[in-house]
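Written below as structure tokens is the structure these notes are about.
Rule-based calculations on the coordinates, nothing more; no lab input. Everything numeric here is computed off the predicted structure, so don't read it as measured data. Note that each Cβ is placed from the backbone with ideal geometry, even for glycine, and that neighbours are counted across all protein chains shown.
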Amino acid sequence: MKFTKQTKHDLITCGIVAAFYILVTILSATGHLSNHFRGLLVPLCYYAIAAVSLNLVVGILGDLSLGHAGFMCIGAFSSSLFSVAVKNSGLPSPLRFLIALVIGTLMAALFGFLIGIPVLRLNGDYLAIVTLAFGEIIKNFLSAVYLGYDEAGIHASFKSFQLQGEGKMLINGAMGIQGTPMDSSFTVAVLLLLITLAVVMNIVNSRTGRAIMAIRDNRIAAESVGINVTSYKMLAFTVSAAIAGCAGVLFSHNTTTLTASSTYFGYNVSIMILVYVVLGGIGSIRGSVIAAAVLYVLPEMLRGLSTYRMLIYSIVLIVMMLINWAPGAIAFRERYGIMAFLRRRNENRGKEGQRS
Amino acid sequence: MKKKVICLLSAALLTVASLCGCGGSGGQGSASGGDVFKIGGIGPTTGGAAIYGSDVRDAIQIAVDEVNAAGGINGFKIEYRFEDDEHNAEKAVNAYNTLKDWGMQMLIGTVTSAPCIAVSELTHTDNMFQLTPSGTAVQCVQYDNAFRVCFSDPDQGAASADYIAGNADLGSKPVAIIYDSSTEYSTGIHDSFVAKAGDLGVNIVSDTSFTTDSNTDFSVQLQTSKDAGAELLFLPIYYQEASLILQQANAMGYAPVFFGVDGMDGILGVENFDTSLAEGVYLLTPFSATAEDELTKNFVSKFEEKTGHVPNQFGADAYDAVYAIKAVCEKQDIKPSMSISEICDAMKTGMTSISLDKVLTSPTTISWTAQGEPNKDPRAVIIENGVYVLAK
């Protein structure tokens, strides 16, 4: 079977994820993995998923979205709401998680679509500002709403209320949703990451992807050859929102307490995901995954340095930025990097082959 | 091309392996069987809630040093390590796992509510004893292995309503409430206060809120309270916001009686705050740094020497937590060689059977119920001439 260069590149990306999974599973089974690192695995995956989904908008579509934490928030809350509501109904947990995953992803996609209708007619900075506002609205709305059911039926309000008789608070205002079953596992997270990669890579390499990239490169030229700009933009944006929602589902099912506070879903988180995308290389899916993994794990690994880790983390960000994007560094990499070394060796081999 | 693939894959594997190596170096399993008690602490020492976490961290250190200097617990020294959680449930879980790798046997933490609930799920699974100094949300101690030193949010709200209704001066005043609807702490107290006040016939004329994103300008809420004719303003919020409310109320010539809860403690230490504005403020707090007893004086002076500022009630709660653990360990003859689960089971039974009399955060004694709630008396103080005075 003959693969194109792009397919090979994509398969390697999936291979890296799979290899990481196998390695971690082996280390975990033989007891060589600390509790700390084991606890980082699922967050690492959902931030990688979020980064890939944002890369679809920022890198492939070429629009800046600062509201991805908002989509994560929708995915997290809608799926948690379902899981908590049916927790004691005897539904087997894999099935319950699957349904929760579908609900979270679809809800985020729905909101992505609804937001996309007015927003995607905007460009550049305007889009960034509107998505930023959207993320904040979602967060503030969910941290103010109360939802519960009792004998009299379902109640929803912006003021807290007392339930009559047998009943349960589902969303408790600022306290959020308590008691989400911990259904996320590393295996599920890696599977979702692989599915995400497959989906995004397939879009990028398809006719649709080429159309989307044409819009990114020159909107007017794309329109002039008959590409429906709004519909393609909408498609990319909705898919991206859905994937971010899926990351939110993993997030909410990895811990029992879910609050819509800015620590988890504020614009700082959206920007953090954007940092993963930018430092991994805008438009590079593999880069997003690796950058998310490294940058999430790094501050945790520096715990031994206590508060200095914040300082070191920021220095690392600057250094990474310089290495990735400074013209001098790029030239240096091209001349002396691993890839250049391999290329030279292959060329030399080729020459030797010709000689003999 | 095949070689290139292999090279790339092996390079990726190497990176991953080195990362895992970092993780693994924390040490495997628990170091039980040693001759020290390993007590861990978790709380925010960076970020917006850092002041609470740092106070808890330092107060535990002071208590641990004292206990070690006096011969330790049952002759065994305490080893203590504190991890930062940035007031973030996700990071708190990471901090907990880090401490577990270190060999923690008992946990004092976490300092703030949402992270505490997330961590209590894990301590419950591991059957690790958890004593939170200041996790006030109800669910923080929903499992039988978790206890707390502070009052729960509903208890504080109900106690405040009780106090106001029972006080001859305050009981008849129309009450306004300003609370932070975006924190569990404030909404928890607010909800129980409103419920209890309704039962006791306290007249609430205005009930307004703000969020963490809009916590600098309170003129709307103050004006609403003023227009409603409120003479008592109940503020179940932290002192930073309360200090702003006091300043802004003063600027608009509105002078009701202010009534705060334990989050109000610390208001006299706010930088650039005219403390004369806080004259006559009531607060229901378990701890007063200016109390005259020997224990408080000793703690406050040591704390000031170590950190340069007066401790707040979070620190005091944490200090009491260490002595509660010491008392239970001695009563149940707990040794560091026992497994984490054995220690936890012994602590669970022990906690409900002790009664501490020399404590910072209660004027009388503290004992614990099997639900993990403390039995102690709230202390109402009033600020007079820049110091706390016990209110009648």
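Assorted remarks:
- Listed residues A:Pro43, A:Pro181, A:Pro327, most fluctuating in chain A (Gaussian network, C-alpha, under 10 Å): A:Pro327
- Bins of 10 Å from zero: percent of alpha-carbon pairs in the stretch A:275-321: 29, 49, 19, 2
- Relative intensity, log₁₀ I(q)/I(0), of the stretch A:270-356 from a Debye sum that treats every alpha carbon as a point, q = 0.11, 0.13 Å⁻¹: -0.45, -0.58
- GNM flexibility winner over chain A from A:Ser184, A:Ser83, A:Ser160 (Cα, springs under 10 Å): A:Ser160
- For the stretch A:67-156, the ratio of Cα radius of gyration to the globular rule of thumb 2.2 N^0.38 Å stands at 1.29.
- Per residue, the convex hull volume that the Cα atoms of chain B enclose (Å³): 166 Å³
- Rounded to 5, percent antiparallel among DSSP beta bridges of chain B: 25 percent
- Put simply, chain A fits an ellipsoid with semi-axes of 38, 26, 20 Å; these come from the alpha carbon gyration tensor as the roots of five times its eigenvalues, largest first.
- Span-rule helices in chain A, defined as complete DSSP H runs reaching 18 Å or more along the axis (Cα) with Kyte mean at least -1.0: A:5-29, A:35-55, A:68-85, A:93-119, A:124-142, A:186-205, A:229-252, A:267-280, A:285-301, A:308-325
- The stretch B:288-346: equivalent-ellipsoid semi-axes (sqrt of 5 x gyration tensor eigenvalues, Cα, Å): 30, 12, 9
- The eigenvalues of the Cα gyration tensor, multiplied by 5 and square-rooted, give the stretch B:154-285 an equivalent ellipsoid with semi-axes of 20, 16, 15 Å from largest to smallest.
- Charge dipole magnitude, Cβ of K and R +1, D and E -1 - the stretch B:300-381, Cα centre, debye nearest 20: 100 debye
- Computed over all pairs of different Cα atoms, the Kirkwood value for the hydrodynamic radius of the stretch B:113-165 is 11.5 Å.
- Label point distance in nm, A:Ala340-A:Leu98, each placed 7 Å from Cα along Cα→Cβ: 5.1 nm
- Whole-number D in µm²/s for the protein assembly as shown (Stokes-Einstein; Kirkwood sum over Cα pairs; 25 °C, 0.890 mPa s): 88 µm²/s
- Taking the Cα centre of the protein assembly as shown as origin and assigning +1 to Lys and Arg Cβ atoms and -1 to Asp and Glu Cβ atoms, the resulting dipole is close to 5060 debye.
- For the pair the stretch A:232-250 and the stretch B:153-223, the centres of their Cα atoms are 41 angstrom apart.
- Positive-end ranking of A:Gly176, A:Cys45, A:Ile60 along the dipole of the stretch A:5-292, with charges on Cβ about the Cα centre, is headed by A:Ile60.
- Remark: spin-label model distance A:Arg210-B:Ala165 equals 7.6 nm, labels positioned 7 Å along the Cα→Cβ axis.
- Centroid-to-centroid, using Cα positions, the stretch A:13-27 and the stretch A:96-145 are 32 Å apart.
- Tally of Lys pairs whose C-alpha atoms are under 25 Å apart, taken over the stretch A:5-292, 8 or more apart or cross-chain: 6
- Between the stretch A:300-335 and the stretch B:34-111, the alpha-carbon center distance in angstrom: 31 Å
- Share of Cα-Cα pairs in the stretch A:145-191 lying beyond 14 Å, as whole percent: 56 percent
- Compared with the rule-of-thumb size 2.2 N^0.38 Å for a compact globular protein, the stretch A:1-65 has a Cα radius of gyration ratio of 1.47.
- R0 of 22 Å, Cβ-Cβ distance B:Ser341-A:Thr30: FRET efficiency to nearest 0.05: 0.35
- Radius ratio Rg over Rh of the stretch B:308-375, counting only Cα atoms, Kirkwood formula for Rh: 1.02
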